[in-house]
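Since the structure comes first, as structure tokens, the remarks are kept for the end.
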Amino acid sequence: MKGSNGQLPRLRDDVRLYLFHGPDEAGAADLARRLIAGLGEAERVDVEGASLKKDPGRLADEAASVSLFGDARVIRATGLGEDAVEAVTLLLDAAQTGAPVVATAAPSLRSTAKLVKLALDHPRALAVACYAPTGAELERLVSTMLGEQGLRAAPGVAQQIAEAAGEDRAVIAREIEKLALYLDASPDRPRDATTADLAAIGADLGEAAQGEAIEALVAGRAGELGAALARLDEGGSAIPWLRGLGRRLIALGEMRAQVDRGEPVERVMKANRVHFREEASTAAALRRWTPGMLAEALARLREAERAVMAANNAGAVLAERAAVGLAQRLERRG
């Protein structure tokens, strides 16, 4: 089946595979993330497309498996190419599955590829093409995304967000989510949004990209980290985000030490005044990072900062490489 280009589809019981493809790689990844978020606290299983060539039955097996704790599950598949045709066929033709597969195609996959055609033609699959919007189309997309978050935008809001974010759907989504949190908006609790509200949340995309880079590294999402670093001002100093990341890791280290002394995570976060909207990500980070990992990460960041401040070297490149390397290690740990 064919979904609307660049639009977030509804979750449907009769759809086993949601395939996001097209040249707008960031947009495809963001739509997949938002669709998975719509499943709430579902257990997520990650599958890399390259692994399906040797084990084509894995996708169907994972989709049919049941969580040990009886929770809902979702399979996130990334980088699917033509090698995944057999795996997707097995998934769609399986006698029974339970968990949906939310997949993003490899950037090189064309709209005429066999995998895309399979998803378009099969009644149990939904394919969504993602192309970077421009001009009036971009403003319409922003308006639609605002509505999905329960925001009734005043004149100028969609245009301001579109102009600030360019064609990057991921940045647009982050800004809209931040605005919805600020206004406590949701589809069942709509709120008016004005340009003054945008100013109030400080919708500065340089600061937003720094925050996204920090949180992506802490969460071990290497792809999102790379995208956030790429959005930072070209030629700008890496010192602000390196120091911001250092402060974040130091705070996690202090809280982790309290947890290791036997304090409940919830009590530790309350004592350290963690904002309620950041509690879930902070609790996950406290489980993910060990004291040794935090110490090593801080040492690498300090080394990167010294490199940035030294003369006549590629300090900014070294800083980004160090950050992405840490995120990749975390991602491999799961």
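Computed from the coordinates by the stated procedures, all read-outs in this text should not be read as laboratory data. Please read all numbers here as calculations on a predicted model, not as lab measurements. Heads up, the Cβs are rebuilt from the backbone with ideal geometry, glycines too, and the neighbour counts pull from every protein chain shown.
Data table
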{"read-out": "Proxy reagent accessibility, fewest Cβ within 10 Å first, across Val142, Val66", "value": "Val66, Val142"}
{"read-out": "Residues of type aspartates and glutamates that Lys2 reaches as a straight line, Cα spacing below 13 Å, ignoring anything fewer than 8 places off in the same chain", "value": "Asp121"}
{"read-out": "Within the chain, longest stretch clear of exposed GluC sites (Glu not before Pro) (DSSP loop, no more than 10 other Cβ within 10 Å)", "value": "42-233"}
{"read-out": "Under 30 Å from the Cα of Lys270 - lysines, other chains or at least 8 residues apart", "value": "Lys178"}
{"read-out": "Computed [θ] at 222 nm, helices only, for the chain once each DSSP H run of length n ≥ 4 contributes -39500 (n - 2.57)", "value": "-17000 deg cm²/dmol"}
{"read-out": "Equivalent ellipsoid semi-axes - Cα gyration tensor, segment 1-108, angstrom", "value": "20, 18, 12"}
{"read-out": "Computed magnitude of the charge dipole of segment 135-203 (debye, nearest 20; Cβ of K, R +1, Cβ of D, E -1)", "value": "140 debye"}
{"read-out": "Summed residue charge, Cβ within 10 Å of Gly223's Cβ, Lys/Arg positive, Asp/Glu negative", "value": "-2"}
{"read-out": "Straight-distance crosslink candidates among lysines, where the alpha carbon sits under 19 Å from Lys54 and sequence neighbours closer than 8 are dropped", "value": "Lys114"}
{"read-out": "Cα Rg, Dmax, the chain, angstrom units", "value": "20.9, 63"}
{"read-out": "At q = 0.15 Å⁻¹, base-10 log of I(q)/I(0) for segment 135-203 (Debye sum, equal scatterers on each alpha carbon)", "value": "-0.37"}
{"read-out": "On Cα atoms only, tilt of 222-231 relative to the major axis of the chain in degrees", "value": "70 degrees"}
{"read-out": "With at most 16 other Cβ atoms within 10 Å, longest stretch of the chain clear of loop trypsin sites (Lys or Arg not before Pro) (DSSP)", "value": "125-260"}
